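Reading through the structure tokens given below for one structure.
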Amino acid sequence: TLDTQVAERIEKAKAEFQNKLVSPLQKLHLDPTAVDLETTQDRLIARYRLAGRQQLSAHTPRPQAPGDSLLSVQVHETALNNALEHLRLAGRKIELHELFKEMTTRFENQAIPVPDDLPDGVFVTFADHDPVRIDCQDGRLRIRIHLKELSITNNRKTFKNLIVTGYYK
């Protein structure tokens, strides 16, 4: 009975891991590849390369997690930027509602209703190079969105060459 229950739970965990992590990464053409797998008496250590076949990725080992941690995940900024590159936003013009639908469907595997406060008739044209970029700076995550153009159809306003930067800690 114990073996059966353990096997069922392992299968359920494998399916969730596949559906919630591996499949979305593969949709972005990021191939999670094991670089190093190691066990000690106290730890299970797994290092993965997260990049497309033609992309660079970090190659140095990360610092070891605190000894009392149950789980530690460290993500290098190259993994995030590799994922952003596969969104194929460079040079693209899209209406804001459509962009919201596309991104939520891509990352959530389900449609999420467009928020009521998202304005109608707003089109964004992303920059041709590095339209969205993430880097780690001073203990914070910095995201930069570079738009070639932002146009609002209902009042015929157009803004060119915008860079929006946000910081998260």
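Starting from the Cα gyration tensor of segment 10-89, take the square roots of the eigenvalues, sort them a ≥ b ≥ c, and report rounded, prolate or oblate (rounded when a/c is under 1.5, otherwise prolate if a/b is larger than b/c, else oblate).
oblate
Among (1) 30.7; (2) 19.1; (3) 16.4, only one was calculated for this model; which label is it, if the read-out is Kirkwood radius over Cα pairs in Å?
Among (1) 30.7; (2) 19.1; (3) 16.4, the one calculated here is (2).
What do you get for trypsin sites (Lys or Arg not before Pro) in segment 78-164 restricted to DSSP loop and a cutoff of at most 16 other Cβ within 10 Å of the site's Cβ? Walk me through the numbers on the way to the answer.
Working: sites: 88, 92, 93, 101, 106, 133, 140, 142, 144, 148, 156, 157, 160; in loops: 88, 92, 156.
Answer by residue number: 88, 92, 156.
With every protein chain kept in place and ligands, DNA and RNA left out, what is the accessible area per residue of the chain? Probe 1.4 Å, answer in Å².
74
Given the options 99, 118, 25, state which has the largest fluctuation in a GNM of the chain using a 10 Å cut-off (strictly under) for Cα springs.
118
Rounding to the nearest 20 debye, state how big the charge dipole of the chain is about its Cα centre with +1 on each Lys and Arg Cβ and -1 on each Asp and Glu Cβ.
Value, rounded to 20: 540 debye.
Given H placed 1.01 Å from N in the peptide plane, which residues other than close sequence neighbours of residue 35 have an amide H under 5 Å from its amide H?
So residue 35 has HN proximity to 47, 48, 49.
The values are calculated or read from the model by the stated rules, or taken from the named source; none is laboratory data. In this text the structure is predicted, and so the values were computed from the model without any measurement. As a convention, Cβ positions derive from the backbone with ideal geometry for all residues, glycine included, and neighbour counts pool all protein chains shown. These accessible areas exclude ligands, DNA and RNA; they are computed on the full protein's heavy atoms, side chains included. Shrake-Rupley method; radii C 1.70, N 1.55, O 1.52, S 1.80 Å.
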